[in-house]
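Presented below is the structure to which this report refers.
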Amino acid sequence: MKHNYTPALTRLQSCSAGALSLLGAFMLSSTCFASVAPDSRKAPAAYASASFTESYAMLSRKVERPGYAVAGRPQGNASSDARPDPHQLLDASLRGDLRLVQELVRQKVNIQFANEDGERALHMAASRGHLSVVIFLLNNGANMNARTIKNWIPLHHAIRFNHPVVANYLLAKGAPPYFRTTDGVNSLEIAETMRNQRMIRLVMNYM
């Protein structure tokens, strides 16, 4: 009889040990999951009630992104209202680059800027005969009778460098043919000095 009960007791002990092992494993796994699971009670009310898109936007605003350089765009704290270098306008007017002149004016370049000799963009365009640039500058506020340090106006430049089309346009717009430089010469006398008969006749038509 003793030998018949011993295996039954052993099986009972084995079953109890197995049950305890399963119970311990379950408690351990519950503890692990609890430590990993997010605590929703700590989430701010704004995040709890927000949609996915709104929550993403909230989180994005908290991230500080480093600045990066992109050609032709302001960087860091550079002001978007910064005006372009007015020397670019002088150079573009001298070359007759109308598209660049238009872009610089659109960016609010100082159209009245003068170099060390007192020459402005309109002087530059008139001296090279760039009629389209002259017209555009005048239509955007350029001073038609702006003076250099020697009292030369854009009309004088057009006559001095033999650009009758530009000279005629300026005269027709009201540029003064009698205006004298610091050397005491007016538009007609400049044309006579150059012995330019066509320019002489042109100026005389407005005197």
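The numbers here are math on the coordinates, done by the rules we state, and not lab data. As the structure is a prediction and not an experimental result, all values here were calculated from the model. In this analysis, Cβ positions are derived from the backbone assuming ideal geometry, glycine residues included, and neighbour counts consider all displayed protein chains.
Just a few scattered comments:
- For the stretch 158-169, the set of residues classified as assigned to a helix (DSSP H, G or I), of a type outside the set (D, E, K, R) and more than 37 Å from the chain's Cα centre (by Cα) consists of ILE159, PRO164, ASN168, listed by residue number.
- Hey, ALA172 within 38 Å of the chain's Cα centre (by Cα) and either surrounded by 18 or more Cβ atoms within 10 Å (Cβ to Cβ) or farther than 22 Å from VAL133 by Cβ (or both) or not: no
- Filter result for the condition that a residue is in contact (Cβ under 8 Å) with a residue 12 or more places away in the chain and under 22 Å from ARG160 (Cβ atoms), over LEU100, LEU94: LEU94
- In the stretch 175-185, the condition of being exposed (fewer than 12 other Cβ atoms within 10 Å of the Cβ), out of contact with any helix residue (DSSP H, G or I) (no Cβ under 8 Å at 6 or more places or on another chain), small (Gly, Ala, Ser) and part of a loop (DSSP other than H, G, I, E, B) is met by at least one residue.
- Taken across the stretch 168-183, residues that are in contact with a Leu (Cβ under 9 Å, 6 or more places away or on another chain), polar (S, T, N, Q), within 15 Å of SER127 (Cα to Cα) and without any contact (Cβ under 8 Å) to a residue 40 or more places away in the chain do occur, with at least one present.
- Counting only helices (runs of 4 or more DSSP H) wholly contained in the stretch 78-140, the ones carrying 1 or more residues that are over 25 Å from the mean Cα position of the chain (by Cα) and among the β-branched types (Val, Ile, Thr) occupy 131-139.
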